[in-house]
Amino acid sequence: MKKYHLAMYEEDKTSKKISIKEWAEEDRPREKLMQYGKKKLTNAELLAIIIGSGSREETAVELSQRILRMVDNNINELTKLTYKDLMNRFKGIGEAKAINIVAALELANRRTFIAEEKPIIKDASEAYQILLPDLSDLDFETFWVILLSNAQRLINKVSISEGGWSETSVDLKKIFKIALENNASKIIIAHNHPSGNPQPSDSDKALTERIIKASKILSIQTLDHIILTNKTYYSFAENGLM
């Protein structure tokens, strides 16, 4: 069987579709990874391995290249898509392939968070950056707590509750149960505003007061309450409300 290098494949693809198995061995993503290592693969080749196969119209690499072009070759933008988004937007991506992509990207996101040395959170802007990957682009409110050591080194970040478009209910007992279980000395509470307006509501202010009172009883310091949007944040501490 005739073997095609990528350059030859590009020249001939108008007349005949060539599957990955018909490429020269060093051009196949799986074989290329085994022979040269993962760092030698392009983003499209890595995505092609996750997808597994293409279709009669295009190879897995071509499909991957098309997907990446649609998100301007920005992996962060690809990560924001749900499996349903992938199925609806890209011909050739069925449920199984879409789930594979979403799962692989989420695993990579979790690995990045765990592998890095846990940072010390010194101010609201750093807390905002810690939470933004989890809260960006949501169309409902979700409430989180950042758990910190006495030196304000990050212990963990935990989702407490999810709600509707305009609000979410918060169980104070759950907040402090998680804080005590993780031996947190300090916490930062946070939630998002899907509307894009970071200004606190009266209920946000009342909730903050209740949490501060409870934290004093348990000798756990509440450092800040942050309201996040995709582009900015509001800090209770920075605005003199803590």
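A compact table of results
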| quantity | calculated |
| --- | --- |
| Answer from LYS97, LYS122 - the residue that is of a type in the set (D, E, K, R) and farther than 16 Å from ILE50 by Cβ | LYS122 |
| The range 61-78: number of residues that are part of a helix (DSSP H, G or I) and either surrounded by fewer than 16 Cβ atoms within 10 Å (Cβ to Cβ) or outside the structural domain of GLU106 (by TED's automatic domain parsing) (or both) | 6 |
| Residues of the range 194-215 classified as under 13 Å from ILE175 (Cβ atoms) and not small (Gly, Ala, Ser), total | 6 |
| Contacts under 8 angstrom Cβ, first residue in the range 103-131 being acidic (Asp, Glu), partner modelled with pLDDT under 90, 6 or more apart | GLU106/THR79; GLU126/PRO119 |
| Number of the condition not met by SER136 [criteria: (1) touching an Asp or Glu at 6+ places or on another chain (Cβ under 6 Å); (2) closer than 30 Å to LEU78 by Cβ] | (1) |
| Residue within the range 184-202 that is closer than 21 Å to GLU238 by Cβ, in contact (Cβ under 8 Å) with a residue 40 or more places away in the chain and among the acidic types (Asp, Glu) present | no |
| Check on LEU131, in a strand (DSSP E or B), assigned by TED's automatic domain parsing to the domain that holds ASN230 and under 16 Å from ASP224 (Cβ atoms) | no |
| Condition met for TYR83 (surrounded by 15 or more Cβ atoms within 10 Å (Cβ to Cβ) and in contact with a Phe, Trp or Tyr (Cβ under 8 Å, 6 or more places away or on another chain)) | no |
| Residue within the range 194-211 that is under 20 Å from the mean Cα position of the chain (by Cα), at positive phi and not assigned by TED's automatic domain parsing to the domain that holds ARG110 present | yes |
| Residue match in the range 170-193 (condition: surrounded by fewer than 16 Cβ atoms within 10 Å (Cβ to Cβ) and in contact with a helix residue (DSSP H, G or I) (Cβ under 7 Å, 6 or more places away or on another chain)) | yes |
| Scope the range 194-231; condition loosely packed, with under 12 Cβ neighbours inside 10 Å, under 21 Å from LYS157 (Cα atoms) and among the polar types (S, T, N, Q); matching residues | SER219 |
| Matching residues, the range 35-60, being in a helix (DSSP H, G or I) and more than 20 Å from ALA108 (Cα to Cα) | GLN35, TYR36, ALA60 |
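The values are calculated or read from the model by the stated rules, or taken from the named source; none is laboratory data. Just so it is clear, the structure is predicted and the values come from calculations on it, not from any experiment. FYI the Cβ positions are ideal-geometry reconstructions off the backbone, even for glycines, and counts take in every protein chain you see.
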